[in-house]
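**Student:** Structure incoming, see below.
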Amino acid sequence: MMHNISYRIWAACATGISIEPNRANVMAFPTEPKTTQNRVLLVHGIGDSAASMRILQQRLARDGRESVAIDLQDGDGRMSLEALSLHLDDYVQDHFPPNERFDLVGFSMGGLVCRYYVQILGGNSRIDRLVTISTPNNGTLLAFLNGRVACREMRPGSPFLQKLNRDCSALRDVNVISFWTPWDLVILPAKSSRMPVGRNMEIPAFAHPLMILQKRPLDEIAKALSQPIRGGIQIAADTAATTAVPAVR
């Protein structure tokens, strides 16, 4: 499974071709017993689908958290990140009651889609927590291998990234945490995953896709989604986790 996800990420960036078969519109993972905690909305990375978030959903279900993972339309780089964010906004309006607050988690490119939704489209009024996982928050050099619009927007210094990072005031009342690994070979340089606000946590996972497959990052993500909400924008703080990462079995 790790190999399949890793291959799709590299294939999407390098060739722009998605090889994910039988994409469903949405993958829900309800749990028992019913929880009063926020539902979690999961957004996958480039060239992937909701199925890639299945193990994370299973881990959240162990804590009694209900989660939903959506499929982005044409999430292989052909559509702009703004267009994908509008798709996310439409999904929220269609599937979440107006008064329901939720938590938002984005992996890789999905983290940028989440950020645009929260910072630009007004999603900050709906969510309590934003978690980005191995997201090119400051771009990735790998994006220069592909000319599709979303890949161009993920290049370091792109107008899209400048817009997101120039003003993070919309995140004032949101718990923000960004997970990154120094051994990420998709986000280059790896530290580009760090955000200027919130908490940045280094996880010793040995490849990009392992951030949503292995026990240590999965446990830390679940922990981040259980933290109390803090008011006021938080200047970025770095945290390192040095424990070795065993594989999920």
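**Student:** For region 204-213, in order, what is each residue's ³J(HN,Hα) by Karplus, 6.51 cos²θ - 1.76 cosθ + 1.60 with θ = phi - 60°, in whole Hz (x at glycine and Pro)?
**Tutor:** In residue order, the calculated couplings are x, 8, 8, 6, 3, x, 5, 5, 10, 10 Hz.
**Student:** Using the Cα atoms as the points, what is the convex hull volume per residue of region 44-184 in Å³?
**Tutor:** About 112 Å³ per residue, rounded to a whole number.
**Student:** Counting other C-beta atoms within 10 Å, and keeping those with at most 16, which DSSP coil trypsin sites (Lys or Arg not before Pro) do you find in region 149-185?
**Tutor:** Counting only loop positions with at most 16 other Cβ atoms within 10 Å, the trypsin sites (Lys or Arg not before Pro) in region 149-185 are Arg172.
**Student:** Still on this structure, I have one more. Under the Karplus relation 6.51 cos²θ - 1.76 cosθ + 1.60, θ = phi - 60°, what is the ordered set of whole-Hz ³J(HN,Hα) values for region 42-56, x standing for Gly and Pro?
**Tutor:** Karplus-based 3J(HN,Hα) across region 42-56 equals 10, 10, 7, x, 5, x, 10, 8, 4, 4, 5, 9, 4, 5, 5 Hz.
**Student:** Report, by chain and number, residues whose modeled amide H sits under 5 Å from the one on Arg39, excluding near sequence neighbours (fewer than 5 apart, same chain).
**Tutor:** Asp103
**Student:** Express in whole angstrom the spacing between the alpha-carbon centres of region 38-64 and region 187-217.
**Tutor:** Each part reduced to its Cα centre gives a spacing of 16 Å.
**Student:** Out of residues 5 or more away from Met201 or on other chains, whose amide H comes under 5 Å of its own, with H placed 1.01 Å from N in the peptide plane?
**Tutor:** Correct list: Ser178, Phe179, Trp180, Thr239.
**Student:** Kindly identify region 43-109 as rounded, prolate or oblate by the Cα gyration tensor criterion: order the square roots of the eigenvalues as a ≥ b ≥ c, call it rounded if a/c is under 1.5, otherwise compare a/b with b/c, prolate if a/b is larger, else oblate.
**Tutor:** Because a/c hits 1.5 or more and a/b fails to exceed b/c, region 43-109 counts as oblate.
Since every read-out is calculated from the coordinates, none of them should be taken as a lab result. Every value quoted in this text rests on a predicted model; they were computed, and no experiment measured them. Using ideal geometry, Cβ is built from the backbone for each residue, glycine included, and neighbour counts are taken over all protein chains shown.
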